[in-house]
Amino acid sequence: MMAVSEELTAVTSTWARAGDPGTGPGLLINLGSAHPSAHGMLKLRLTLDGDRIATAEPEIGFMHRGAEKLFEARDYRQIVVLANRHDWLGAFASELGVVLAAERLARIEVPPRAIWARTLLAELNRVLSHLAFLSSYPPEIAASAAGSEPGRSEQAAFRAREALQAIMEEISGGRMHYMFNRVGGLKEEIPAGWLDRVRRTVDSVRAGLPVIGATVAGDRFRARTRGTGVLTGEQVRQYGVSGPAARACGVDFDLRRDEPYLAYGELAGVLRVPVRAEGDCLARFECLLDQVAVCLDLADECAARLASLPQGPISARLPKVFKVPEGHAYAWTESPLGLNGYYLVSRGGKTPWRLKLRSASFSNVAVLPELLPGQRVADLAPILGSLFFIVGDMDR
């Protein structure tokens, strides 16, 4: 967000209109792309009418790495290495879609312990992703409105993320790119005592939610975001916006509840889907905050179920050289940012013939030409931050 805020400051400080006042849009600016050392590069071509945006055109591809083409030259274990890098905040969810597609096509039966462990890790990773947005955007937006520095909520969110990162690192060995999924299950057995540490960490994060959400509930943030960047349910459906950004517009759809995968079908009593009707920036952040509480409840229940299961394998036995039978399969998951889809086509080899990735971020950004016209330039930061996209996930 800081890169966007600094660029907006530079643009507004050198403000100039081409043409006479009242003659319509007269200034075309290119916002971005950001410096290569930043976490992502999104370029926006904006036509301005005074301090209002007349037209907006996102230009993508600055981080395009040809992931889908690289998939065709890697076996399924190597693909997991690539797949968890396009959305670096939701790496476990990105791994999951690849292995689910391969397991579906190869008709592999995954052991129950692996199913519950995957569900638990997916929810912990979802909380990590949500907290990254909650720890950065709301405090900075509120601080810019009040002229003060971010405070306790930002620090509480960072502490919660660090506690969860330690849990994920203990089981997988990685802090961002976990590489813990395998076709058929998980890479390794769960460490002794890990489930107890998960429960304690979940309890501590839950106890800190009132502080983490204090900024979103505060008057300064609400005044800055209420009524800003309003999306309609019809726009969400037309552009394929998904995840918390869609549910904040009244689109009551969550793949975990409506088309269950993993162990979500057995978690109907715990799984709640936060929905808002307003469709503005505030509603999107409120949905995200409510979703954190739901994820923590799901993680608690998964840990309890996993602890009650008898000992058994954590992965199905596969041949040393694994080949997926000829055919095609589609798997989609509810990633932290929204719906990710994986269309796998195999010709019987150890590498895919084609693996098409549908990323949530691409569709969430695609709606910007509809959303931004009529908005103030000063509202760009809260609008972009509330659409919950990762540039690498958008570009793939």
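Here are some notes:
- Student exercise, segment 155-204 dipole from Lys, Arg, Asp, Glu Cβ charges, in Debye to nearest 20: 140
- Per residue, segment 39-159 exposes 38 Å² of accessible surface when a 1.4 Å probe is rolled over the protein heavy atoms with every protein chain present.
- Rounded percent of accessible protein surface that carbon and sulfur make up, the chain, 1.4 Å probe: 52
- For Arg200, the accessible surface of its heavy atoms amounts to roughly 150 Å² (probe 1.4 Å, protein chains only, rounded to the nearest 10).
- With the simple model of a label 7 Å out from the Cα in the direction of the Cβ, Arg175 to Gln238 spans 4.3 nm.
- Contact order relative to length of the chain, as percent, for alpha carbon pairs under 8 angstrom and 6 or more apart: 25
- Given a 1.4 Å probe and the protein chains as shown, Lys43 ends up with an accessible area of around 40 Å².
- Computed extension length for Ala268-Leu309: 12.9 nm, one decimal, from 0.36 nm per residue of separation with the Cα-Cα distance subtracted.
- Surface analysis of segment 237-396 yields an accessible area of 37 Å² per residue, using protein heavy atoms and a 1.4 Å probe.
- FRET efficiency for Ala378 and Lys69, using Cβ-Cβ distance with R0 set to 30 Å, rounded to 0.05: 0.15
- If you plug the beta carbon distance of Val321 and Glu278 into 1/(1 + (r/R0)^6) with R0 = 51 Å, you get a FRET efficiency near 0.45.
- Fluctuation leader among Val321, Val198, Val216 - the chain, Gaussian network, Cα springs under 10 angstrom: Val321
- Positive-end extreme of charge dipole, segment 298-388 - chosen from Gly349, Ala378, Tyr330 (charges on Cβ): Gly349
- Once the C-beta distance of Val81 and Arg152 is scaled by a Förster radius of 41 Å, the resulting FRET efficiency is 0.60 to the nearest 0.05.
- Lysine pairs meeting the criterion (Cα under 25 Å, 8 or more apart or interchain), as found in the chain: 13
- Rounded to the nearest Hz, the phi-derived 3J(HN,Hα) couplings of segment 305-310 under the Karplus curve 6.51 cos²θ - 1.76 cosθ + 1.60 (θ = phi - 60°) are 5, 5, 5, 8, 6, x, where x marks glycine and proline.
- Neighbourhood charge, 14 Å Cβ-Cβ cut-off, centred on Tyr264 and excluding it, Lys, Arg +1 and Asp, Glu -1: -2
- Residues in segment 376-392 that a label on Glu57 would reach, taking backbone N under 19 Å of a point 7 Å out along Cα→Cβ: none
- The magnitude of the dipole of segment 297-396, with charges of +1 and -1 set on the Cβ of Lys/Arg and Asp/Glu and taken from the Cα centre, is near 820 debye.
- Axis angle, to the nearest 10 degrees, between helix 2-13 and the longest C-alpha principal axis of the chain: 10 degrees.
- (1) 29.7; (2) 22.7; (3) 21.9, with the label sought being that of the calculated Kirkwood radius over Cα pairs in Å: (3)
- Candidates per chymotrypsin sites (Phe, Trp or Tyr not before Pro) in segment 325-396, loop by DSSP, up to 16 other Cβ within 10 Å: Trp353
- By a 1.4 Å probe calculation restricted to protein chains, Val211 has an accessible surface near 40 Å², given to the nearest 10.
- Label-to-label distance, Trp194 versus His328, with points set 7 angstrom from Cα along the beta-carbon direction: 3.7 nm.
- Label-point separation in nm, Lys43 to Trp353, each point 7 Å along Cα→Cβ: 3.7
- Student exercise, the chain dipole from Lys, Arg, Asp, Glu Cβ charges, in Debye to nearest 20: 1120
- Think of segment 112-211 as a dipole: +1 on every Lys or Arg Cβ, -1 on every Asp or Glu Cβ, centred on the Cα centre; then among Phe133, Gln165, Val183, Val183 lies furthest on the positive end.
- Label-reachable residues, segment 291-333, where backbone N falls under 14 Å from a point 7 Å from Asp203's Cα toward its Cβ: 300-301, 304
The values are calculated or read from the model by the stated rules, or taken from the named source; none is laboratory data. Bear in mind that the values here come from a model prediction, so they are computed numbers and not experimental data. Methodologically, a virtual Cβ is constructed for each residue, glycine included, from the backbone with ideal geometry; neighbour enumeration extends over all protein chains shown. Surface areas here come from the heavy atoms of the whole protein model, side chains and all, with no ligands, DNA or RNA. Shrake-Rupley method; radii C 1.70, N 1.55, O 1.52, S 1.80 Å.
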